Amino acid sequence: MTRISRVLAFITVVLLSALPLAASGSTDQAEEPITIRILTRWSDQSGASTAFRNRLQSFMEQNPDIIIEDLSINDESSFGEKLKVLIASGDVPEIVQNYGGAGNRIYFESDVYVDLRPYLDDDPEWAAGFVPLFGEWEFDDLPGTWGVPYELFAISLFYNRTIFEEAGLEPPETIEELMEQGEVLKSAGYIPISTGVADNFRGGHLFTNLLIKKHGPEFVERLNRGTASFEDQEVIEILTLMKTMQDEGMLGENITAVNYAADNALFGSGETAMHFDGSWFLSDGALSRIDAGVVPFPYFESAPQNRNIIMGGSAAGLALGASEDPDKLDAAIKLLKYLTSIEHFEYIRDFTGGGVYPVKLPPTDNVSSLTVEYADTFSAAEAFVGDIGNGVPLPQMVEVTRNAIQGMFAGAISPEQAASQMAREHSQADFN
Amino acid sequence: MKATSFRNLGVGLTVFAVFWLFVTLYPLSFTIVSSFKDNTEIFSSPMSLPSVLRIENYTRALLQATILRNIANSLFLSVISVALLLFLVSICSYVLAREKAKWAVVVYLVFLSGFLLPVHSALIPLTKLVSALGGYNNYAMLIILFVSYNAPLSVFLVTGYMKTVSKELDEAAFLDGCGYFQTVIYVILPVSAPIFATAGIVAFLFIYNDLIFSILFLSKKTLYTVSIGLSAFVGERIVEYGPIFASIVLSSLPMVAIYLLFQEKVQKGITEGAIKG
Amino acid sequence: MKSKYAPFLMVLPLLALYLLFVFYPVANAVLSSFFSWNGIASSPQVFVGLRNYIDLAKDPRYFRAFANSGRFIIGSLLFLMPLSFALGGIIVSGVRGSRVMKAAYFLPVVLSLTAISLMWRSILYPNGGPLNALLEGMNLDRLAQNWLGDVRFAIWAVVFVNMWTYAGLNMLIFAAGLVSIPQEIWDSVAIDGAGKVARFWYITLPSLKESFKAFLVLAVSGSLKVFDIVFIMTGGGPNGSSDTPATLLYFQAFRFNRFGIGNAIGTLILLFGLAWALLVNRAVRKLEA
């Protein structure tokens, strides 16, 4: 070998051997502190996320024997990729933000996460603090409670007070009123209730709201169990209504090109009179530009019994990743209780000046009047129902539903065709 | 300057050149203008100037999101990775371009297959590997990944180019007593400068903007790169575009500087004389 | 002074890294396409033979996705190639202002896709966006469309934005080829008095064989695996009309836990890309002979 060849051989050896060296460098087998990892979407600069990180910090100060490694990444698809890759390599973090529902069921069945029921039973004080919204993490035929709620949401109807006063209108209580007011608002030059569906969840939320207000939670339950079909008249009726709303210009123009951020901006710039959205909208800058109020999502005059059926429930919760190390599990439980305690949510509420939370908080004057108004919109709730499709044992059902609705709004398919697109997927689900 | 055939662009091409200048400078102005707005203005009047200059977008990008730190990290990773990549590619591609034996063809094809598969397919086996090697929060690991994942494209570009470099040059060098290695470094590399600059720019761009490896393998805030920094204002549901645009303006500057530096080299690197046959 | 081992040793460092970190995961993905797996480490991977591929063949969504890749390829060959070639020519020409152009033409790739997507969404916005306003101003109202929200146009709109974004990158490939054509060749044809068109056909194009080969392979493989720009511009919508193989791969594997299907899509992308690369290689070699 020439000298240069030897150099090259050397380079190869060094490059490859750098790896195990790197490995030994980062595995600190120190006995004392326990490291647990947490993966959430609260790593951005919003108030709630900043407050969350402050709490992780103070937990570590109070528990010097526990080190928290915060893997959180806010962007939705980045979070999804990171989590799925970790689950696939059998390396799930000790605490994970989790949305529950049928889409997560396979993870609960495979014990990727820990059943929290024994821990809740062991600590009645902790368990009693929660608003009873465990539906996303409990299943009739699968024992256990696989997560605890962290975020609460309800879809309500925000409205622009100035526009309504100008037009001499009161915010609508029923869908029928909403449709009538639409004419007035349109002739005054406003979009009645802008609903851009370029982000497909917007169409899905409208669908869910209308379906539950008309046909109630029982019908949704039947869809979830496979005893009702997406091609049933109930579904087609709602899809047809949505199409009518679009055709009449209630939802705005060319709505398949309008995304969620644009929708919010239309509300902020006073171009749309109403905007249906969840609790997260309370922190949107658009609200600071106008005089906004909020009322419950309207019900159908023909179905007053469903007036207090609300689209909402727990949005994100926290689940406990299965760990073989009992010390880690104990530390994770401790952190989980810390992050879902009354003090925790009080801190977040005071830090952000608003929000709604899945625990029973003592009242305060520290929140914005809009937050109080918002909380009123679902104080009479008789039941919370999540996205249509979320309870169907098929991970893609929500996405398929939303896509079909988007296709209908794009004019590519009729309401009936949208319904059969959903039904085709629905029939593949395995309803025991 | 070379390429005489283009010295006179002609009317048609000149008009087009100016048109495309406008077409590509516009997004820059859009980005800069948007970096001084809030969401409502960005979406409801995207084409107009900001009503008030929201300087706080920049202060938030700098202070809250520590964008400068992220830029420095990405620059460091990119510079080291590209340097290592180009060195390894230069010697590897030379052999692949010259060696007639079957094994060289096979190696070339094996490299080629590397940039044909979408990266999402490779993530799970790759993560297991990185985890087994203890490669989390480890820049050495990231650099090795960047070199490996940019290797196929660089090898493809450089090998193709080197095939067009006259063999007489190598033979003259061998006669002068140069070894394989010296021939590459002192003879072939200089005449291949344009393609190295191109491959270097492309690799730099990918590494500087990398998102997926940073997301999967970094969790220490101090190690975060530009793409993670850009997402600091992407909330769970509400996205604040103003500070994101401010961060984009800031993080694009180093990339433009690097590009201009490399691109100058493309043209300076060509020495006079018959270098290709 | 050629050592017998030198060629191996010069290839080895890069090859070793590549084999371990790229080729092994790729091979793993190809192999996994014959298994069914839900993405949970403790769940078994079940061998299903060609089932995943048969599922793909039976579902029209995958045909549509590959057809959309075909649209990216059409755009690349008909528009992006001449465009990048012209831009490459402009920046190496040395005409006044070519330095500014060199910087400007590259800008779209430098600015993050977030900015690009938002800008183009605004330009293509149907409710008073500048493109439709322009068309209406020219009394071409009938041509004004809901570009990104219509199943007929969304994919083409993304193809267009993709070309606009990456023209600056492909320009570099042609620029690198152009600057390396030796001065003597130009001088000799100048003496011959060859016309512009003749010079272009007999000198410029043949000298750029490698550049065209590089472009053709990169553009087609890029079209087959295009993901980011589709994901950020339309998310594959409306109703999946702008889905590409890679967006379906992402949804099937990372959203719906069907990793076997995802890997089968990946393998098909790989096979098509490889076949095309070999074809281009052979064609270029024919030209040389």
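The phi-based Karplus calculation (6.51 cos²θ - 1.76 cosθ + 1.60; θ = phi - 60°) puts the 3J(HN,Hα) values of segment A:226-231 at x, 8, 10, 10, 5, 8 Hz, whole numbers, x for Gly and Pro.
Charge dipole of segment C:60-288 (Cα centre as origin; +1 on each Lys and Arg Cβ, -1 on each Asp and Glu Cβ, all else neutral): 380 debye, rounded to the nearest 20.
Any idea what the alpha-carbon Rg over 2.2 N^0.38 Å comes to for segment B:1-118? Cα Rg divided by the expected 2.2 N^0.38 Å: 1.75. A crude spin-label estimate for the pair residue A:233 and residue B:253, with each label 7 Å from Cα along the Cβ direction, gives 6.7 nm. Scattering from the C-alpha atoms of segment C:1-98 alone, worked out with Debye: what is log10 I(q)/I(0) at q = 0.14, 0.15, 0.19 1/Å? After summing over all Cα pairs, the log10 values are -0.93, -0.94, -0.99.
Using only Cα atoms, what Kirkwood radius does the protein assembly as shown have, in angstroms? Working shown, then result.
Working: mean 1/r = 0.0330 Å⁻¹.
In the protein assembly as shown this quantity evaluates to 30.3 Å.
In this simple spin-label approximation, residue B:168 and residue C:187 carry label points 7 Å from Cα along the Cα→Cβ vector, and these lie 1.4 nm apart. Once the Cα-Cα distance is subtracted from the 0.36 nm per residue extended length, the residue A:186 to residue A:417 segment shows a gain of 80.2 nm. Beta bridges assigned by DSSP with both partners in chain A are antiparallel in approximately 60 percent of cases. Here residue A:380 and residue A:176 are evaluated by their C-beta separation; at R0 = 22 Å the FRET efficiency comes out at 0.60. In the elastic network of chain A, a GNM with C-alpha springs shorter than 10 Å, the most mobile of A:319, A:51, A:261 is A:261. Percent of Cα pairs in segment B:81-134 per distance bin of 10 Å, from zero to the largest separation: 19, 34, 37, 10. Determine, from the Cβ-Cβ distance of residue B:100 and residue C:74 and an R0 of 41 Å, the FRET efficiency 1/(1 + (r/R0)^6), rounded to the nearest 0.05. So, using R0 = 41 Å, E works out to roughly 0.65.
Quote the Stokes-Einstein diffusion coefficient, in whole µm² s⁻¹, for segment A:348-425, based on the Kirkwood radius over alpha carbon pairs, a temperature of 25 °C and a viscosity of 0.890 mPa s. Value of D from the Cα-based Kirkwood radius: 155 µm²/s. One quarter of the surface of the convex hull around the alpha-carbon atoms of segment C:220-289 equals 5.3 nm², the direction-averaged projected area. What the phi angles of segment C:161-170 give under the Karplus curve with 6.51, -1.76 and 1.60, with θ = phi - 60°, is a coupling list of 4, 4, 5, 4, 5, 9, 4, x, 6, 5 Hz, glycine and proline written as x. By a straight-distance test (C-alpha under 29 Å), which lysines pair with residue B:100 as possible cross-link partners, with residues fewer than eight away in the same chain excluded? By straight Cα distance, residue B:100 reaches B:163, B:167, B:276, C:2, C:4, C:209, C:213, C:286. Rounded to the nearest 0.05, the FRET efficiency derived from the C-beta distance between residue B:19 and residue B:51 at R0 = 35 Å is 0.70. The gain in end-to-end length when the residue A:67 to residue A:109 segment is fully stretched comes to 12.2 nm, 0.36 nm per residue minus the alpha carbon separation.
First check a/c for segment C:60-288, with a ≥ b ≥ c the square roots of the eigenvalues of its C-alpha gyration tensor; if it is under 1.5, answer rounded, and if not, answer prolate when a/b is larger than b/c or oblate otherwise. Since a/c reaches 1.5 but b/c is at least a/b, the shape of segment C:60-288 is classed as oblate.
Of the beta bridges DSSP finds with both residues in the protein assembly as shown, what % are antiparallel, to the nearest 5?
Of those bridges, close to 65 percent are antiparallel.
Largest mean-square fluctuation among A:155, A:34, A:255, in a Gaussian network model of chain A whose springs join Cα atoms under 10 Å apart, belongs to A:34. With one equal scatterer per alpha carbon and no solvent term, the Debye-computed log10 I(q)/I(0) for segment B:67-276 at 0.15, 0.16 1/Å reads -1.01, -1.10. Across every pair of non-identical alpha carbons in segment C:123-255, the mean reciprocal distance, once inverted, gives a Kirkwood radius of 18.2 Å. In loop segments of segment A:315-389 as defined by DSSP, the trypsin sites (Lys or Arg not before Pro) with at most 12 further C-beta atoms inside 10 Å of their C-beta are A:360. Estimate for me the total accessible surface buried between chains A and B (protein heavy atoms, probe 1.4 Å, no ligands or nucleic acids), in Å² to the nearest 100. The A and B chains share an interface burying roughly 3600 Å².
The values are calculated or read from the model by the stated rules, or taken from the named source; none is laboratory data. Keep in mind that what you see is a predicted model, and the values were worked out from it rather than measured. Quick reminder, even Gly has a Cβ in these numbers, built from the backbone with ideal geometry, and neighbours come from all protein chains shown. All accessible areas refer to the heavy atoms of the entire protein, side chains included, with ligands and DNA or RNA removed. Shrake-Rupley method; radii C 1.70, N 1.55, O 1.52, S 1.80 Å.
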